[in-house]
Amino acid sequence: MQRPVLAANWKMHHGPTDAREFLRTFLQYYPRHGDRQVLFFPSAISLPAVVEGLRDRSDIRVGVQNIHWEDKGAFTGEISAPMARDAGAHLALVGHSERRHVFGETDDETARKVAACGRAHLVPVLCVGETLAEREAGETEAVVLRQLRTGFSLVDAAQVAHAIVAYEPVWAIGTGRTATPADASAVHRAIREELKQLAPERHRAIPILYGGSVNRGNAASLLAATEVDGLLVGGASLDAEGWSAIVRA
Ligand code: 13P
């Protein structure tokens, strides 16, 4: 297995002051570990503080939680992929379930955002996942694979090979309900099969992360599940000590 990816999505938490304070504590508890990749996705307004706080830690990468699909223009309130790159981001979440379900982002928009990442040399972290209704209707695989295919529809195999995929069942996000390691493995296997089609030679290089109510208690068992290459963590990444315990484990 490649080295596991442990990603913190802070969502709309931690402004610049809190972010600096977080990193002071976190870095004390987390010396360099070459065998894992730690990522932070702060809010865009805290990105410069996080990039600065990690100046001496090239082992940790930073990304943004969302970008616009255009490189520039009259889009008040938005940030573009080239701007995020210029500010020190190396990655961008695309199609997070909160973007899809709270802000109405469509599969086609995620595809355009993945393409924008490619132009700006940002690694897209394409998030996919089914709602509870879709799961109960037996549509999990169909939904996830549709989101995956459409999300990567505007880029070539080489660009797919540089991406990260995150499976986050919507019913598990922020609810305290987690997929079992077996549930996660089953969906990750289906994602891997699809990635074989999309990036035939290089699909093994694409990490598939699990996200949804990951915490200190369940992180190790989820990470040990077949085809789970890492974790994308919301609530449990907000506390510096707790998050450092998860990434050290
Ligand atoms: P929680 O870990 O808070 O469930 O959030 C998961 C998530 O959405 C990470 O992107």
Seminar exercise, completed: The residues Glu134, Glu78, sorted from fewest to most surrounding Cβ atoms within 10 Å, come out as Glu78, Glu134
Problem set entry | Extension gain from Thr180 to Asp108, taking 0.36 nm per residue of separation minus the Cα-Cα distance | 22.9 nm
For this session: May I ask for the longest run of the chain untouched by chymotrypsin sites (Phe, Trp or Tyr not before Pro) that are loop-located per DSSP and have at most 11 neighbouring C-beta atoms (other than their own) within 10 Å?
Result: 104-249
Exercise. Once fully extended, how much extra length lies between Arg57 and Glu139, figured as 0.36 nm per residue of separation less the alpha-carbon to alpha-carbon distance?
Worked result: 25.3 nm
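Can you put Lys72, Lys113 in order, fewest other beta carbons within 10 Å first?
Lys72, Lys113
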Problem set entry | Fully extended contour minus Cα-Cα distance, from Glu21 to Arg248, at 0.36 nm per residue | 79.8 nm
Exercise. Relative contact order for the chain: what is it in percent, counting Cα pairs under 8 Å that are at least 6 residues apart?
Worked result: 20
For this session: Can you figure out the FRET efficiency of Ser221 with Ala74, using R₀ = 41 Å and their beta-carbon distance, to the nearest 0.05?
Result: 0.30
For this session: Set the Förster radius R0 to 35 Å, insert the Cβ-Cβ distance between His33 and Met12 as r into 1/(1 + (r/R0)^6), and round the FRET efficiency to 0.05.
Result: 0.75
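Every number here is computed from the coordinates shown, using simple stated rules; none is lab data. Fair warning: this is a prediction, and the values are worked out from it, not measured in the lab. Neighbour counts are summed over all protein chains in view; Cβ atoms, including those assigned to glycine, are modelled from backbone coordinates with ideal geometry.
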